[in-house]
Amino acid sequence: MAVSFKPIQPLLQTGTNAASRWFSYIGLGVGVLLLLCSIQMFINIQQLLKEGSIRKNGFDYISITKSVTNETMGQPEKNLFSQAELDELKAQPFIEDVSPLLPNDFRVKLSAGSVLAFSTDMFLETLDNDFIDTLPPSFTWQEGQYNIPIILSSDFFEIYNVFAPGQGLPQISRETAMGIPVQIICEGNGLTETFTGKIVAFSDRVNSVLVPKNFLLWSNKTFGKGANVQASRVFVKTKDANNTELLKFVDQKNYKLNKDKTLLGRNKMVIQGIFSGLGIFGLLVVLLALMLFSFYLQLVIARSKDSLQLLLTLGYSPSWLSRNVARIFVPVYIVVVIAALAFTQLMQWSFHHFVMYDREELSTPLHWVTLLTAVVLIVLSIITNHRLVRSLLNKLHTN
Amino acid sequence: MQLTISNLLPVYFEKSHTQTSEVWGKEIVWQKGELIKIVAPSGSGKSSLINFLYGMRKDFDGAIRYDQQDVRNMNPEQLAPLRKDHVSIVFQDLRLFPHQTVAENLEIKRQLNPFHSPEKVLEMTERLGIGTKMNSLAKTCSYGEQQRVAIIRALLQPFDFLLLDEPFSHLDDRNSQNAMQLILEEAKARNASIVLADLERIEFFPYTRLFHL
């Protein structure tokens, strides 16, 4: 027959100092709530800004152009980046990498074919894949292939939707645009070739019409004048777009920096920083509450010292006793953490529904990481509690 | 099980104690079933001896062994089963839970390793005249009543040795003999040994071995 803890429980004077007990419960609840909310908000921000993220792998990507002035007008060599200038950029310690935005060297026309009565002269550019923020796996091309994947600037697309009604053209959604094949007519060297272009992604970072690099190199060779194509825009990869050294260098060279594109990335960083801080604060509150609770526990055991000692004298095993004493508080921990979890869920629902108007990127149920954290917190507090009781009881025995 | 005492002496005792004592500094073996009487005047270390035997204190020289197990080397976790299954005790200062009822005090001990049914416990309390006290708090009972509760509590488990430290100090002759009778029956049922330490010889304890401390 198993030994029952029921006749033992009244021997523990848990009712003493109720205020300290309730403070530690409330403190624990508030701390856990802060921690869980911070984690959930951190994840929310991650999900919300996933698409619009300019920072990739912790880097800023910004475009640099030369300032076109009255003096340099009409002298392309002064407005384009030479290989030497690219090398100089690359050599700067605050610049990780450089990729010129290479343009087409031939005439390109775009037509919507039979779908829309829309045709225009246009340009194509290419950039190293590493510099593209939204790079789908389909963004590849092989010689002989007539389908050209295109990454279009989000801004350009918006501009189209702005002027489309005035031109008698329909406004279209991103999804539709990605479904419409367009004709890309390349002309030069007495050759004309028609390719089928398809938008595979939109870029917030690059204001251009991007095609795979090997396609542009091939087409420049086939249709172009054969001259070495130079870029008027260069993308640089840097740890910090606000680096003063970088800004000084750019000013000195009379280059122009497109910095507003980094703002979103910066805001995200700041917001995540705030929530990380809040999370750490929450963790501290949890630790404080656990400490307060351990003081309460020590008090309970100190007050019940005589009874506990007598139980050991009568033949109760210290490990059985500590296991059962610790177990009294397990439901408390579980209830506190579950209550905090419920509040976090309420917060998430309100945030999703009232602040974010049910945006699809977010979900109303809590993220699994938040749930896992709650479980880990329960397990952690049970283990620390058990160890504390055991060490207190062991001390009792040796006294 | 046998109990071996070798060259035992409290660390705070003079060596000269070993000359007059029949226990301190001697080599003694007690077997199960023996009824041992220890006559111990005040200050001769009676309660110390009982505490040493029960593993409560370790401030002694020499060795105490239950079979091959040295009490000095036993940790709290190992002492628990010894006290639960093999050695029972009635303390001089009784050691009841003052804020629990008599019934609760008894049940706390009984459930550890039940030798008797709850009905048998009730019968024992009635036999010692405290049957009506089952629902009284221990602290409201007289010393005599508390002593009888402590005696019954010691009889609720299996044991090979029963240590009694002045078990009848608060009882009159009639109650003492009554209790002694119950103790003897219970020890016989377990073929256990009784180690009874008291100030003077108790006539109604049919000891088989007598020691002067």
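Would you confirm, using the coordinates I've provided, whether B:Q69 is at pLDDT below 95, facing another protein chain (nearest Cβ under 10 Å) and within 27 Å of A:K395 (Cα to Cα)? Steps first, please.
Values: at pLDDT below 95: yes; facing another protein chain (nearest Cβ under 10 Å): no; within 27 Å of A:K395 (Cα to Cα): yes.
Answer is no for this residue.
Given the conditions (1) among the aliphatic types (A, V, I, L, M); (2) at pLDDT below 85; (3) part of a helix (DSSP H, G or I), which single one is not true for A:I338?
(2)
Restricting segment A:230-273 to residues that are at pLDDT 85 or above and within 25 Å of the chain's Cα centre (by Cα), which is nearest to A:S203 (Cα to Cα)?
Here the residue is A:F235.
Answer with yes or no whether A:F157 is touching a residue at least 40 places away in the same chain (Cβ under 8 Å) and within 17 Å of A:F215 (Cα to Cα). Can you show your working first?
On the way: touching a residue at least 40 places away in the same chain (Cβ under 8 Å): yes; within 17 Å of A:F215 (Cα to Cα): no.
Here the answer is no, as A:F157 does not meet what is asked.
Modelled with pLDDT of 90 or more, part of a helix (DSSP H, G or I), more than 14 Å from chain B (Cβ to nearest Cβ) and under 18 Å from A:L35 (Cα atoms): is that true of A:L380 in this structure?
Values: modelled with pLDDT of 90 or more: no; part of a helix (DSSP H, G or I): yes; more than 14 Å from chain B (Cβ to nearest Cβ): yes; under 18 Å from A:L35 (Cα atoms): yes.
Against the criterion (modelled with pLDDT of 90 or more, part of a helix (DSSP H, G or I), more than 14 Å from chain B (Cβ to nearest Cβ) and under 18 Å from A:L35 (Cα atoms)), A:L380 does not qualify.
Select from segment B:28-83 the residues that are part of a helix (DSSP H, G or I) and among the basic types (K, R) and write down the one among them that is surrounded by the most Cβ atoms within 10 Å (Cβ to Cβ).
Of the residues in segment B:28-83, the ones part of a helix (DSSP H, G or I) are B:46-53, B:71-73, B:76-83.
If we keep only those that are among the basic types (K, R) as well, we get B:46, B:72, B:83.
Details: B:K46: 21, B:R72: 13, B:R83: 23.
My answer is B:R83.
Conditions tested, residue by residue: (1) free of Cβ contacts under 8 Å to residues at least 40 places away in the same chain; (2) assigned to a loop (DSSP other than H, G, I, E, B); (3) of a type in the set (K, R).
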| site | (1), (2), (3) |
| --- | --- |
| B:I108 | yes, no, no |
| B:E123 | yes, no, no |
| B:N135 | yes, yes, no |
| B:Q147 | no, no, no |
| B:P158 | no, yes, no |
| B:P167 | no, yes, no |
| B:H170 | yes, yes, no |
| B:N178 | no, no, no |
| B:E185 | yes, no, no |
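Does B:S117 satisfy being within 12 Å of chain A (Cβ to nearest Cβ), of a type outside the set (D, E, K, R), farther than 24 Å from A:S307 by Cβ and open to solvent by 30 Å² or more (accessible area, probe 1.4 Å)? Talk me through it step by step, then tell me what you get.
Details: within 12 Å of chain A (Cβ to nearest Cβ): yes; of a type outside the set (D, E, K, R): yes; farther than 24 Å from A:S307 by Cβ: yes; open to solvent by 30 Å² or more (accessible area, probe 1.4 Å): yes.
Judged against the criteria, B:S117 is a match.
Report yes if some residue within segment A:343-353 is open to solvent by 40 Å² or more (accessible area, probe 1.4 Å) and modelled with pLDDT under 90; otherwise report no.
Yes, segment A:343-353 has at least one match.
Is it fair to say A:S391 is within 14 Å of chain B (Cβ to nearest Cβ), over 27 Å from A:I280 (Cα atoms), without any contact (Cβ under 8 Å) to a residue 40 or more places away in the chain and open to solvent by 40 Å² or more (accessible area, probe 1.4 Å)?
Details: within 14 Å of chain B (Cβ to nearest Cβ): yes; over 27 Å from A:I280 (Cα atoms): yes; without any contact (Cβ under 8 Å) to a residue 40 or more places away in the chain: yes; open to solvent by 40 Å² or more (accessible area, probe 1.4 Å): yes.
In short, yes.
Which members of segment B:7-27 meet the condition of being surrounded by 15 or more Cβ atoms within 10 Å (Cβ to Cβ) and part of a strand (DSSP E or B)?
Matches in segment B:7-27: B:L8, B:L9, B:P10.
Residues in segment A:210-229: is at least one at pLDDT 90 or above, part of a strand (DSSP E or B) and buried (at least 18 other Cβ atoms within 10 Å of the Cβ)?
yes
Tell me which of these A:P137 doesn't satisfy, since it passes every other one: (1) over 13 Å from A:T196 (Cα atoms); (2) part of a loop (DSSP other than H, G, I, E, B); (3) in contact (Cβ under 8 Å) with a residue 24 or more places away in the chain.
(3)
Can you pull out every residue in segment B:166-185 that is open to solvent by less than 10 Å² (accessible area, probe 1.4 Å) and not β-branched (V, I, T)?
B:P167, B:S176, B:A179, B:M180, B:L182
Just one of the numbered conditions (1) under 30 Å from A:L321 (Cα atoms); (2) out of contact with any Gly (no Cβ under 8 Å at 6 or more places or on another chain) is not true of A:V336; which one?
Unmet condition: (2).
For the structure I just gave you, tell me whether A:I301 is over 18 Å from A:I43 (Cα atoms), away from chain B (no Cβ under 14 Å) and in contact (Cβ under 8 Å) with a residue 60 or more places away in the chain. Even if it seems obvious, please write down each step before you answer.
Details: over 18 Å from A:I43 (Cα atoms): yes; away from chain B (no Cβ under 14 Å): yes; in contact (Cβ under 8 Å) with a residue 60 or more places away in the chain: yes.
Yes: the conditions hold for A:I301.
Return yes or no: is B:K133 basic (K, R), crowded, with 20+ Cβ neighbours inside 10 Å and within 26 Å of B:Q111 (Cβ to Cβ)? It would help to see each step written out before you state the result.
Values: basic (K, R): yes; crowded, with 20+ Cβ neighbours inside 10 Å: yes; within 26 Å of B:Q111 (Cβ to Cβ): yes.
Yes.
For segment A:166-189, which positions are closer than 21 Å to A:S114 by Cβ and in a helix (DSSP H, G or I)? Give the steps one after another, and end with the answer.
Keep residues of segment A:166-189 that are closer than 21 Å to A:S114 by Cβ, which gives A:167-173, A:175-187.
A:Q167, A:E175, A:T176, A:A177, A:M178, A:G179 - these are the residues of segment A:166-189 that are closer than 21 Å to A:S114 by Cβ and in a helix (DSSP H, G or I).
Looking only at segment A:207-223, which residues are touching a Lys or Arg at 6+ places or on another chain (Cβ under 9 Å) and within 10 Å of A:C186 (Cβ to Cβ)?
Step one: filter segment A:207-223 for residues touching a Lys or Arg at 6+ places or on another chain (Cβ under 9 Å), giving A:207-208, A:223.
Correct list: A:F223 only.
Pick from A:Q183, A:Q171, A:Q167: which is touching a helix residue (DSSP H, G or I) at 6+ places or on another chain (Cβ under 9 Å) and surrounded by fewer than 20 Cβ atoms within 10 Å (Cβ to Cβ)? Steps first, please.
Working: A:Q183 fails: touching a helix residue (DSSP H, G or I) at 6+ places or on another chain (Cβ under 9 Å); A:Q167 fails: touching a helix residue (DSSP H, G or I) at 6+ places or on another chain (Cβ under 9 Å).
Criteria check complete, one pass: A:Q171.
Against the conditions (1) more than 26 Å from A:S99 (Cα to Cα); (2) among the aromatic types (F, W, Y); (3) open to solvent by less than 70 Å² (accessible area, probe 1.4 Å), where does A:W141 fall short? Just the number, please.
All conditions pass for A:W141, except number (1).
Just give me the residues in segment A:295-325 being among the aromatic types (F, W, Y), within 47 Å of the chain's Cα centre (by Cα) and surrounded by 20 or more Cβ atoms within 10 Å (Cβ to Cβ), in sequence order.
A:Y296 - this is the single residue of segment A:295-325 that is among the aromatic types (F, W, Y), within 47 Å of the chain's Cα centre (by Cα) and surrounded by 20 or more Cβ atoms within 10 Å (Cβ to Cβ).
Of all residues in segment A:326-341, which are farther than 24 Å from A:I8 by Cβ and open to solvent by 60 Å² or more (accessible area, probe 1.4 Å)?
Within segment A:326-341, just A:I338 meets the criteria.
Among the helices (runs of 4 or more DSSP H) contained in segment A:1-120, which hold 1 or more residues that are among the small types (G, A, S) and at pLDDT below 80?
On the way: elements: A:18-48, A:76-79, A:83-91.
Hits in segment A:1-120: A:18-48.
If a residue has to be more than 7 Å from chain A (Cβ to nearest Cβ), farther than 15 Å from B:N51 by Cα and not in a helix (DSSP H, G or I) to count, how many in segment B:84-99 make the cut?
Step one: list which residues in segment B:84-99 are more than 7 Å from chain A (Cβ to nearest Cβ), which gives B:85-94, B:96, B:98-99.
Then keep just the ones that are farther than 15 Å from B:N51 by Cα; that gives B:85-86, B:96, B:98-99.
If we keep only those that are not in a helix (DSSP H, G or I) as well, we get B:86, B:96, B:98-99.
Residues flagged as more than 7 Å from chain A (Cβ to nearest Cβ), farther than 15 Å from B:N51 by Cα and not in a helix (DSSP H, G or I) within segment B:84-99 amount to 4.
Every residue in segment A:230-243 that is assigned to a loop (DSSP other than H, G, I, E, B) and open to solvent by 40 Å² or more (accessible area, probe 1.4 Å), please. Give the steps one after another, and end with the answer.
Going through segment A:230-243, the residues assigned to a loop (DSSP other than H, G, I, E, B) turn out to be A:230, A:232, A:239-243.
Matches in segment A:230-243: A:Q230, A:S232, A:K239, A:D240, A:N242, A:N243.
For the structure I just gave you, tell me whether B:D160 is under 16 Å from B:R190 (Cα atoms), open to solvent by 10 Å² or more (accessible area, probe 1.4 Å) and away from chain A (no Cβ under 13 Å). Let's see the steps before the verdict.
Numbers: under 16 Å from B:R190 (Cα atoms): yes; open to solvent by 10 Å² or more (accessible area, probe 1.4 Å): yes; away from chain A (no Cβ under 13 Å): yes.
Taking the combined requirement at face value, the residue satisfies it.
Scan A:L311, A:L246 and give me the residue that is away from every other protein chain (no Cβ under 14 Å) and either touching a residue at least 60 places away in the same chain (Cβ under 8 Å) or part of a helix (DSSP H, G or I) (or both).
Values: A:L311 fails: away from every other protein chain (no Cβ under 14 Å).
Result: A:L246 is the single residue among A:L311, A:L246 that is away from every other protein chain (no Cβ under 14 Å) and either touching a residue at least 60 places away in the same chain (Cβ under 8 Å) or part of a helix (DSSP H, G or I) (or both).
Considering only segment B:163-176, state which residues are in contact with a Leu (Cβ under 9 Å, 6 or more places away or on another chain), aliphatic (A, V, I, L, M) and away from chain A (no Cβ under 13 Å). Spell out the reasoning first.
So the first thing to find is which residues in segment B:163-176 are in contact with a Leu (Cβ under 9 Å, 6 or more places away or on another chain), and the list is B:163-167, B:169-170, B:175.
From what's left, aliphatic (A, V, I, L, M): B:163-164.
Listed by number, the list holds a single entry, B:L164.
The values are calculated or read from the model by the stated rules, or taken from the named source; none is laboratory data. Predicted model only: the values in this text are computed from it and were never measured. Positions of Cβ are generated from backbone atoms using ideal geometry, with glycine treated the same way; all protein chains shown enter the neighbour counts. In case anyone asks, the SASA skips ligands and DNA or RNA and just uses the protein heavy atoms, side chains included. Shrake-Rupley method; radii C 1.70, N 1.55, O 1.52, S 1.80 Å.
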